[in-house]
2 protein chains.
Amino acid sequence: MRPVNIVLMGFGHVGKAFARLILEKRELCRERYGIDLTLKAIFRSKGGRFSRHRSDLTDIVETMAAGAPDCPAWNLNLSLDEVFSELEPGVLVECTPTDLTKGEPGLGNIREALAWKWHIAAASKGALVLRFKELMDQAKTNGVQIKFSGATAAALPTLDVGTISLAGAEILGIEGILTGVTNLILTRMEEGGTFKEALKEAQDRGIAEPDPSLDIDGWDSACKIQLISNAVAGTEFVLSDIVLEGIGSVTPEDIQKTKKEGRVLKLLGRLVREGGKSRAEVRLTAIGKDHPLFHVSGTNKAITYFTDTMGYITVSGGKSDPRGTAAALLKDIINIYPRG
Amino acid sequence: MRPVNIVLMGFGHVGKAFARLILEKRELCRERYGIDLTLKAIFRSKGGRFSRHRSDLTDIVETMAAGAPDCPAWNLNLSLDEVFSELEPGVLVECTPTDLTKGEPGLGNIREALAWKWHIAAASKGALVLRFKELMDQAKTNGVQIKFSGATAAALPTLDVGTISLAGAEILGIEGILTGVTNLILTRMEEGGTFKEALKEAQDRGIAEPDPSLDIDGWDSACKIQLISNAVAGTEFVLSDIVLEGIGSVTPEDIQKTKKEGRVLKLLGRLVREGGKSRAEVRLTAIGKDHPLFHVSGTNKAITYFTDTMGYITVSGGKSDPRGTAAALLKDIINIYPRG
């Protein structure tokens, strides 16, 4: 049995779901994968908890489960440095809010963890989209891994399929429906609804942020196609390389015109390789029945890889809620440690 | 750079495609994965070739490429034992014809290779469906791996997704369209054709055997769902556990009746888990628009995993030709060796 220390950064919906999940799955991880996952510290926006001597922070998870509004005794002076200095290196789980300007607080957290030789499992995107190469190089230098399934469509296995299932193949192109909210809005408009109604539905269902502009304007898809391209196809895109388009200006007339042609409008994240050059983009694209993403509707996401030897391979589905993202983080942690 | 010796068993369509592919991909494997794949021996039904001192058997591949009917100098007395005794262990690539009665010659080849501590990448199914647990145990004892993507829908990444992308999740059920020929026939009948015409098309296109009964009667799907269940969900099915049904008795009337109900008939390989028990079966099933496999038509294959934490995940596509199978073998070989 290999003990694996976990430090969790961020305690919002995803962080809480992750804390619950590793408690729920602890026994399974011991039995099936030979790893004993122990949540040793949790940091939230203000303060943290560090379980130096006890085996786990189960009290926090149990307090949440009991419906209590908060758990007492968050330590406002706890530092990440202090935690790392007292623990064997394990996995830092990054679930802080995504910031696309400076990448903080994720960037600082990840840099510090890598310096202490901790592996990373990230659900937040900011640090990776802004400093991809720098962080990957730092991980390599320190002999640890950065996994980010949680930041690239979560339970939809975009990275595993691209790097493991397509090992040895050339990626000729990638096309993905990578944002659930925009796909739901386009689907509802195709069914005859308006943009506003569809957006309200997404917000009511809790899948769109109160400020949904990161999704609507294409930034969420742009981050994902950038990270997927870099990880799978060896590109070194930064976020500003991605040419992007949102769905804010789509009219019911656009939708109906496309529908009459037997096609549907989709917001696609794409990697295009032409004449030895690669570019990544997010584009509103009309696709026909023969396209592998034609039937991907509602909040569903999917990605298609076009290859030289295996034809094309499409993966679709995967829960988009916090529990699905937590499951993607857990999967990444399990796959960091080779099975004996 | 890690040298990896390859011994290829079987030199039919898949074996030849594999020999071509590793020559084509040799440089890429060196650069991207740090492994140097060297084809040291090839065995066909009569005789073999063993390249003791030269770096490769490129002459055979080049002779094939030049369109020559055969390559000279196959050694009728060459034994696998002789080859293993002179080489550092690498990967045995099993591409001999599938035999579901005795599993030979694959079973003998695999047993011998495991005893010599060689890893296995298999495209043939016989040995695995008949002796799954015995062979897996032998591999474990000898500290080597058996990979069989090539035997479980080839370029469609059924096993990778099930074992790696769903790590930590419980598999609640599996449903797959796992045989291209039967799906093509059902699709053509839905379009108004007859069984006979559709089968002839499959034979003319070279995707059905002259004796297509293994596909038509459901055996091909049964082998695949058995192996996938065992690998992904920890079952220990043998082939005789699988309740199976073929498509031989489907009538145009059955098809049209289902169509009128807005559904389609599909031959599904399924793992069903109910009340703590698991069973695997191959069943002709009418599925509706909401089913993730509804739109999988023609020679396409796909598989859906239903999970407790990630919702359901569907993978579809992947070439079914010998090159696609060769690419699946290559992928398995690459993934045997951890990347540095």
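Quick notes on this one:
- Reported count of residues in region B:90-121, each being touching a residue at least 60 places away in the same chain (Cβ under 8 Å) and within 18 Å of the chain's Cα centre (by Cα), is 14.
- Selected residue (only one of B:THR304, B:THR325 is facing another protein chain (nearest Cβ under 9 Å) and among the hydroxyl-bearing types (Ser, Thr, Tyr)): B:THR304
- Test: B:ILE6 is buried (at least 18 other Cβ atoms within 10 Å of the Cβ), modelled with pLDDT of 80 or more, more than 22 Å from the chain's Cα centre (by Cα) and closer than 24 Å to B:ALA113 by Cα: no
- Any hit, region A:46-58, residues being open to solvent by 20 Å² or more (accessible area, probe 1.4 Å), under 20 Å from A:THR325 (Cβ atoms) and among the aromatic types (Phe, Trp, Tyr): no
- Test result for A:GLU191, more than 13 Å from every other protein chain (Cβ to nearest Cβ), closer than 20 Å to A:LEU268 by Cα and without any contact (Cβ under 8 Å) to a residue 12 or more places away in the chain: yes
- Cβ pairs under 6 Å, 6+ apart, first in region B:21-50 and closer than 12 Å to B:ARG2 by Cα, second assigned to a strand (DSSP E or B) and acidic (Asp, Glu): B:ARG30/B:ASP36
- Any chance A:LEU244 is within 14 Å of chain B (Cβ to nearest Cβ) and touching a strand residue (DSSP E or B) at 6+ places or on another chain (Cβ under 8 Å): no
- Just one of (1) over 30 Å from B:ILE6 (Cβ atoms); (2) part of a helix (DSSP H, G or I) fails for B:ILE174. It is (2).
- Single condition A:THR285 does not satisfy, out of (1) within 27 Å of B:GLY311 (Cβ to Cβ); (2) within 14 Å of chain B (Cβ to nearest Cβ): (2)
- Note on region B:202-294: enclosed helices (runs of 4 or more DSSP H) holding 3 or more residues that are within 28 Å of B:SER165 (Cα to Cα) and open to solvent by less than 30 Å² (accessible area, probe 1.4 Å) are B:219-233.
- Evaluation of B:LEU100 against the conditions (1) hydrophobic (A, V, I, L, M, F, W, C); (2) more than 23 Å from B:LEU39 (Cβ to Cβ); (3) modelled with pLDDT of 95 or more shows that the sole unmet condition is (3).
- Taking the criterion of being in contact (Cβ under 8 Å) with a residue 12 or more places away in the chain, farther than 23 Å from B:ARG273 by Cα and over 17 Å from the mean Cα position of the chain (by Cα), the residues of region B:290-316 that qualify are B:VAL296, B:SER297, B:GLY298.
- Scanning region A:135-184 for residues that are facing chain B (nearest Cβ under 8 Å), among the hydrophobic types (A, V, I, L, M, F, W, C) and over 17 Å from the mean Cα position of the chain (by Cα) yields A:ILE164, A:LEU166, A:ALA167, A:ALA169.
- For region B:89-110, a tally of residues being assigned to a loop (DSSP other than H, G, I, E, B), within 18 Å of B:LYS133 (Cβ to Cβ) and either of a type in the set (Val, Ile, Thr) or open to solvent by 10 Å² or more (accessible area, probe 1.4 Å) (or both) returns 2.
- Yes/no for B:ARG20 being open to solvent by 80 Å² or more (accessible area, probe 1.4 Å), within 14 Å of another protein chain (Cβ to nearest Cβ), part of a helix (DSSP H, G or I) and modelled with pLDDT of 80 or more: yes
- Top-ranked residue in region A:308-327 [being open to solvent by 10 Å² or more (accessible area, probe 1.4 Å) and assigned to a loop (DSSP other than H, G, I, E, B); ranked as modelled with the lowest pLDDT]: A:SER320
- Within region A:111-159, the set of residues being of a type in the set (Ser, Thr, Tyr) and open to solvent by less than 40 Å² (accessible area, probe 1.4 Å) comprises A:SER124, A:SER149, A:THR152, A:THR158.
- Lone unmet requirement of (1) in contact with a Leu (Cβ under 7 Å, 6 or more places away or on another chain); (2) at pLDDT below 90; (3) under 27 Å from B:GLY206 (Cα atoms) for B:ALA65: (1)
The values are calculated or read from the model by the stated rules, or taken from the named source; none is laboratory data. Keep in mind it's a predicted model, so treat the numbers as computed, not measured. Neighbour counts are summed over all protein chains in view; Cβ atoms, including those assigned to glycine, are modelled from backbone coordinates with ideal geometry. The accessibility values were calculated without ligands, DNA or RNA, using every heavy atom of the protein model including side chains. Shrake-Rupley method; radii C 1.70, N 1.55, O 1.52, S 1.80 Å.
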